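Working notes, beginning with the structure itself.
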Amino acid sequence: MDVRTALKVLEANGSEQTRKAYGRHGVRGAMFGVGQDVLRDLAEELGRNHDVACALWNSGIHEARLLATMIADPALLTARDLDLWSRVLDNYVVSEALARLAAQVPNSRATVDQWISSQEEWVSTAGWTAMYVQVVGDGGVSAEQTRPVADLPRLLLRIEREIHSAPNRTRYAMNSALIGIGMRSDALERQAISAARRIGPVSVEHGLTDGKTPDAANYIPKARRYAAARQSKLPRRIPAVLTPSTPKVAGAALKVLVRNAAKPVAKSAHKRGVTKKTPTRR
């Protein structure tokens, strides 16, 4: 499937209802209104297709960019590519999608470190989201890109110092990184909970959605219990205790909890192959 065909499929599966849903999440500009279910199916059909991904991203269409982050090959992305892609971020939905991809890119830790210091809300949001992914080692992140335990106490201090003065959606991503740090070990759980209590409530404006910001002090132990329960069902060759070498289980647990709290965009009722009579591009 080439980029032209992919765009036609996206357009054919758009809906006004989903466009309104994206709008409530702060998405503006060109979009078709394609739900996450269709995007996942299309990404599975396309597989890793880096050339198509780059063309989709350059189209400027919201769902095309989301799809691009799902099919791009992390091994082929460079620091310069990530910098160029980050410059056009204009909402947290795409920022978080790009972050999940960026976290997997070889040698991307330096880029993520730059992003978390950005003055641009969507770039720093992407940075802290990618930091969370690299902290828990989730989503296909290699051992080389997973953040060492030794680096995390210093990161905790930075979050505690800067979170309340950070841009709105950046605060949400920093709070997620705080939770992720608390998932890594018993000692870090205690440190992260103490930091969360000193930080107090993290105020994030969720706009027209009913999203909520997780209470880190309460979420960390719940997420660790979920991870331990899930881990107990895995083959015995997996260590019985969460350690820096087994962060993916922690990441899966936190992903479920944070997803439930954040109230993602509603899924589209449309399926691929259903052609709308008057597809709309906005």
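The values are calculated or read from the model by the stated rules, or taken from the named source; none is laboratory data. Just so it is clear, the model here is predicted, and its values are computed rather than measured. Neighbour counts run over all protein chains shown; Cβ positions are idealised from the backbone, glycine included. Protein only, heavy atoms only, side chains kept; ligands, DNA and RNA dropped before computing areas. Shrake-Rupley method; radii C 1.70, N 1.55, O 1.52, S 1.80 Å.
Taking the criterion of being within 20 Å of Asn58 (Cα to Cα), out of contact with any His (no Cβ under 9 Å at 6 or more places or on another chain) and open to solvent by less than 10 Å² (accessible area, probe 1.4 Å), the residues of the range 1-32 that qualify are Ala6, Leu10.
Look at the range 73-89: where a residue is over 16 Å from His62 (Cα atoms) and a partner is open to solvent by less than 20 Å² (accessible area, probe 1.4 Å) and at pLDDT 95 or above, sitting 6+ places away or on another chain with Cβ atoms under 6 Å, you get Pro74/Val105; Leu77/Val105; Ala79/Thr111; Leu82/Ala102; Leu82/Thr111.
Quick check on my filter: what residues within the range 53-69 are without any contact (Cβ under 8 Å) to a residue 40 or more places away in the chain and either closer than 12 Å to Leu10 by Cα or crowded, with 21+ Cβ neighbours inside 10 Å (or both)?
Ala53, Trp57, Arg65, Leu66, Ala68, Thr69
For the range 123-148, filtering for residues that are touching a Leu at 6+ places or on another chain (Cβ under 7 Å) and surrounded by fewer than 24 Cβ atoms within 10 Å (Cβ to Cβ) leaves 1. Within the range 8-27, the set of residues being touching a Ser or Thr at 6+ places or on another chain (Cβ under 8 Å) and in a loop (DSSP other than H, G, I, E, B) comprises Asn13, Gly14, Ser15, His25. Within the range 1-27, if we keep just the residues that are of a type in the set (A, V, I, L, M, F, W, C) and within 20 Å of the chain's Cα centre (by Cα), the residue that is farthest from Leu101 (Cα to Cα) turns out to be Ala21.
Of all residues in the range 94-120, exactly one satisfies the criterion of being open to solvent by less than 50 Å² (accessible area, probe 1.4 Å) and of a type in the set (D, E, K, R), namely Glu96. Taking the criterion of being part of a helix (DSSP H, G or I), touching a Pro at 6+ places or on another chain (Cβ under 8 Å) and open to solvent by 10 Å² or more (accessible area, probe 1.4 Å), the residues of the range 177-201 that qualify are Glu189, Gln191, Ile193. Looking only at the range 160-171, decide whether some residue is within 30 Å of Arg24 (Cα to Cα), free of Cβ contacts under 8 Å to residues at least 40 places away in the same chain and open to solvent by less than 20 Å² (accessible area, probe 1.4 Å). Yes; the residues of the range 160-171 include at least one that is within 30 Å of Arg24 (Cα to Cα), free of Cβ contacts under 8 Å to residues at least 40 places away in the same chain and open to solvent by less than 20 Å² (accessible area, probe 1.4 Å).
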